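The values are calculated or read from the model by the stated rules, or taken from the named source; none is laboratory data. These numbers were taken from a predicted model, which means no experiment stands behind them. Heads up, the Cβs are rebuilt from the backbone with ideal geometry, glycines too, and the neighbour counts pull from every protein chain shown.
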Amino acid sequence: MSPRNVPSTQLRDLARLRRVRDRIDRDYAQPLDVEALAHGVHMSAGHLSRQFKLAYGESPYSYLMTRRIERAMALLRGGASVTDACFAVGCASLGTFSTRFTELVGMPPSAYRAQQVDGAAPGIPSCVEKQVTRPVRNREAPVS
């Protein structure tokens, strides 16, 4: 379907969804909820959630947590404590952070941090490191 054949309302919704995704990427460490994100783009929370999942394959909350875990992984690789990483990425609960981290990465944050400190590989370009260490979504992480 070419852009000329797409209804203008659909294009407008896609632009709004991009703004929401960009806001999550930019403000991941801030307190964000679906209501606030929806209000910012003049949509209802339910409509935003449905359209976001349709466009990106996961809910806004899931996308937010994935971004937070990605940033936490980088902090843990840099030597931050699990508690510091948790609060630095905007999680208010260490338990929720640890549970979500384990679901996405396949190991608890403390084990991930210990593995990174023990097996650090200096000299790997950050773009390669980011691709290799990207968290897996939807509980697809291998069980160790």
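How many of the residues in the range 50-61 are surrounded by fewer than 17 Cβ atoms within 10 Å (Cβ to Cβ), in a helix (DSSP H, G or I) and out of contact with any Ser or Thr (no Cβ under 6 Å at 6 or more places or on another chain)?
Initially, the range 50-61 is screened for residues surrounded by fewer than 17 Cβ atoms within 10 Å (Cβ to Cβ), giving 50, 53-59, 61.
Applying the additional criterion that residues be in a helix (DSSP H, G or I) yields 50, 53-56, 61.
Those still in the list that are out of contact with any Ser or Thr (no Cβ under 6 Å at 6 or more places or on another chain) too: 50, 54-56, 61.
Result for the range 50-61: 5.
Which residue pairs have Cβ atoms closer than 6 Å, lie 6 or more positions apart in sequence or on different chains, and pair a first residue in the range 69-89 that is assigned by TED's automatic domain parsing to the domain that holds PRO109 with a second residue that is of a type in the set (Phe, Trp, Tyr)?
Correct list of pairs: ILE69/PHE101; LEU76/TYR112; CYS86/PHE97.
Do we find that GLY79 is assigned to a loop (DSSP other than H, G, I, E, B) and either among the small types (Gly, Ala, Ser) or surrounded by fewer than 16 Cβ atoms within 10 Å (Cβ to Cβ) (or both) in this structure?
Here the answer is yes, as GLY79 does meet what is asked.
Has the range 100-114 got at least one residue that is in the same structural domain as VAL20 (by TED's automatic domain parsing), charged (D, E, K, R) and outside any loop (DSSP other than H, G, I, E, B)? Don't jump to the end; show me each part of the working.
Of the residues in the range 100-114, the ones in the same structural domain as VAL20 (by TED's automatic domain parsing) are none.
So far as the range 100-114 goes, no, none of its residues is in the same structural domain as VAL20 (by TED's automatic domain parsing), charged (D, E, K, R) and outside any loop (DSSP other than H, G, I, E, B).
Quick test for you: out of ASP33, ASP84, ASP13, ASP25, pick the one residue that is acidic (Asp, Glu) and either in contact with a His (Cβ under 9 Å, 6 or more places away or on another chain) or crowded, with 18+ Cβ neighbours inside 10 Å (or both).
On the way: ASP33 fails: either in contact with a His (Cβ under 9 Å, 6 or more places away or on another chain) or crowded, with 18+ Cβ neighbours inside 10 Å (or both); ASP84 fails: either in contact with a His (Cβ under 9 Å, 6 or more places away or on another chain) or crowded, with 18+ Cβ neighbours inside 10 Å (or both); ASP25 fails: either in contact with a His (Cβ under 9 Å, 6 or more places away or on another chain) or crowded, with 18+ Cβ neighbours inside 10 Å (or both).
Only one candidate passes the filter, namely ASP13.
Quick check on this structure: which one of LEU17, LEU37 is more than 22 Å from ARG100 (Cα to Cα), over 11 Å from the mean Cα position of the chain (by Cα) and not assigned by TED's automatic domain parsing to the domain that holds ALA85? Step through it out loud before you land on a result.
Details: LEU37 fails: more than 22 Å from ARG100 (Cα to Cα).
So the residue among LEU17, LEU37 that is more than 22 Å from ARG100 (Cα to Cα), over 11 Å from the mean Cα position of the chain (by Cα) and not assigned by TED's automatic domain parsing to the domain that holds ALA85 is LEU17.
For LEU54, only one of the following conditions fails: (1) under 11 Å from ARG21 (Cβ atoms); (2) out of contact with any helix residue (DSSP H, G or I) (no Cβ under 8 Å at 6 or more places or on another chain). What is its number?
(1) is the only condition that LEU54 fails.
Any idea which of VAL89, VAL136, VAL105, VAL128 is closer than 24 Å to ASP25 by Cβ, in contact with a helix residue (DSSP H, G or I) (Cβ under 7 Å, 6 or more places away or on another chain) and modelled with pLDDT under 90?
Values: VAL89 fails: modelled with pLDDT under 90; VAL105 fails: modelled with pLDDT under 90; VAL128 fails: in contact with a helix residue (DSSP H, G or I) (Cβ under 7 Å, 6 or more places away or on another chain).
Result of the check over VAL89, VAL136, VAL105, VAL128: VAL136.
Out of all the residues in the range 87-98, which are buried (at least 20 other Cβ atoms within 10 Å of the Cβ) and outside any loop (DSSP other than H, G, I, E, B)? Reasoning before the result, please.
Looking only at the range 87-98, we keep the residues that are buried (at least 20 other Cβ atoms within 10 Å of the Cβ), and these are 89, 91, 97.
Correct list: PHE97 only.
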